[in-house]
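What follows is a single structure, written as structure tokens, with notes after it.
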Amino acid sequence: MANWEAVIGLEVHAELLTKAKVFCGCSTDFGSIPNSQVCPVCMGLPGALPVLNRQAVDLAIRTGLALQCTINNVSKFDRKHYFYPDLPKAYQTSQDDMPICSNGVVELSLEDTPRRIGIERVHLEEEAGKSIHSGDSIMSSSHSLLDYNRAGIPLIEIVTKPDIRSPEEARSFLEKLKTLLEYTEVSDCKMEEGSLRCDANISLRPAGTSTLGVKAEIKNLNSFRAVQRALEFEVERQKHILENQGTVLPETRHWDEAKGMTFSMRSKVKAADYRYLPDPNLYPIEIDTSRIEAIRAALPELPDAKRKRFIAEYGLPDYDGEVLTTSRELAEYFEACVQEVGEPKLVSNWVMGEVLRWLKAHDMEINASPVGPGELAALIKLVQADAVSNIIAKDVLAEMFASGKSPEQIIDEKGWRQVSDADSLGEMIDSVLAEHPGPVADVRGGKLQAIGFLVGQVMKASKGKANPQKVNAMIREKLQD
């Protein structure tokens, strides 16, 4: 890519966390019987009139504020016309020239390089229905069935400016955006349920130029991995075309995950092709500044602010602050544990190490952890009190995850309580020193690194229950006599 530069823009659709649809009272619950959550409004039957869901507007405003957007005091709804089986009205109620939010920014740090990705707009619209294809994908299907339960669920579409310069940066942006949407409780962002989806626009241009190339759009990418892989494929595809004096066509393409390739679906449509017109059944949205400020005041502490506070208040490294604030629940878990233990870096090590490792192995989020922050704090306190060694404590935590028992109960049942009294340790140390005269002579000859070997042998003899700090001190004392 030395001769070429990628220009990428993303269009992200997020379903809003409302109980009812955007223009009617039908439920938004996921997984119900197909076509059981529909009514004349969301099915577009003649004479049915929409009524705007106020909560959906508030969530859109909350998103705009989190993205540092301008919240427009007046916006309106438009009809976006296109014909597709999952769109019962043959148009989608959306926003065109007067969106609810505009001109925001997301700040990234990619390989310690700060980047600012502009947000063109955030607008409200309704979800379409769901096509259930007979094959593995639309390209391999002989027929499709339609479920309109999703039709009318409130969406926000977040459109970036063409500021993204690599597939890796696109993925980093999406991860940051997902974190913001979850922090603000705007969307559950469950990509497997379709509540967060992404379309990507990409073109190439000669490095060092500013003219935009011909872009291709990749539709309905449903994982961060898919976004990155599809964009990587497009970079190579377009580069090959351009370097062989070909022409990149303006088209919409489909990503085939199994084949790792994009395929042409149709020519790229322009805004004029959708024949936008103001929706005559919906009044313009007028938002008072006082309402905007009330929503702003209710925002939680956002990830960047929380990360900076963790670094300043708790003295954590940048990396720890970044990891611990990747989700609101993880940050709250960490802070709840710190309040009881009082050693932020020690808690961070346990959370980032053993807790996240176990959760990842079991494909589980922190809010579903069987070990809460109070239980983890109780275990760390036992380590601090020399009741259990750090090594054994990791086994205790694994048992806590598996059984749900308290650390005290597990330690007593397993006989894992740390041996710290001088008499018991002295007997084990004397036995180890007698069995290993070579390392003993090395220590007495000034090779102090041999102490580590002797400590290890005592730990082995005690099955990990000996206090390693006391063992080290006692060996030094004995061999200095």
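Every number in this text was worked out from the coordinates using simple rules, so none of it is lab data. Only a predicted model underlies this, so the values are computations on that prediction, with no experimental measurement involved. Here the Cβ positions follow ideal geometry from the backbone for every residue, glycine too, while neighbour counts run over all protein chains shown.
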**Request:** With the cut-off at 36 Å, report for region 4-294 the share of all Cα pairs above it, as a whole percent.
**Result:** 15
**Message:** Can you tally the net charge around residue 76? Count Lys and Arg as +1, Asp and Glu as -1, for every other residue whose Cβ sits under 9 Å from the Cβ of residue 76.
**Reply:** -4
**Asked** If you line up the long axis of helix 390-403 against the longest principal axis of the chain, both from Cα atoms, how many degrees apart are they, to the nearest 10?
**Response** 50
**Message:** Taking only the Cα atoms of region 435-481, how large is their convex hull per residue, in Å³?
**Reply:** 63
**Prompt:** Hey, what angle do you get for helix 373-384 against the long axis of the chain, alpha-carbon based, 0 to 90 degrees rounded to 10?
**Reply:** 20
**Request:** Can you tell me what the convex hull of the Cα atoms of region 301-414 projects to on average, as an area in nm²?
**Result:** 6.7
**Request:** Report, in deg cm²/dmol and to the nearest 500, the calculated mean residue ellipticity at 222 nm for the chain, where each DSSP H run with n ≥ 4 adds -39500 (n - 2.57) and the sum is divided by the residue count.
**Result:** -12000 deg cm²/dmol
**Request:** For region 37-145, build the convex hull from the C-alpha positions and give me its volume per residue in Å³.
**Result:** 169
**Summed residue charge, Cβ within 9 Å of residue 152's Cβ, Lys/Arg positive, Asp/Glu negative** = 0
**Prompt:** How many Å³ per residue does the convex hull of the Cα positions in region 136-248 occupy?
**Reply:** 143
**Asked** Helix 167-183 versus the longest principal axis of the chain: what is the Cα-based angle in degrees, 0 to 90, to the nearest 10?
**Response** 90
**Prompt:** If one computes the Cα centroid of region 229-251 and of region 353-403, what distance in Å separates the two points?
**Reply:** 49
**Prompt:** Fewest first, what order do 334, 310, 263 take by the number of other Cβ atoms within 10 Å?
**Reply:** 263, 310, 334
**Message:** No partner Cβ under 4.7 angstrom, meaning no disulfide-compatible partner by this rule: which Cys of the chain qualify?
**Reply:** 24, 26, 39, 42, 189, 198, 337
**Request:** Step through the residues of region 452-462 one at a time and calculate ³J(HN,Hα) from phi using the Karplus curve (6.51 cos²θ - 1.76 cosθ + 1.60, θ = phi - 60°), rounding each to whole Hz and writing x for Gly and Pro.
**Result:** x, 4, 5, 4, x, 5, 5, 4, 5, 5, 8
**Prompt:** Cα centroid distance between region 74-144 and region 421-452, in Å?
**Reply:** 69
**Item:** Sequence-separation-based contact order of region 4-294, relative, with Cα cut under 8 Å and 6+ spacing, percent
**Value:** 24
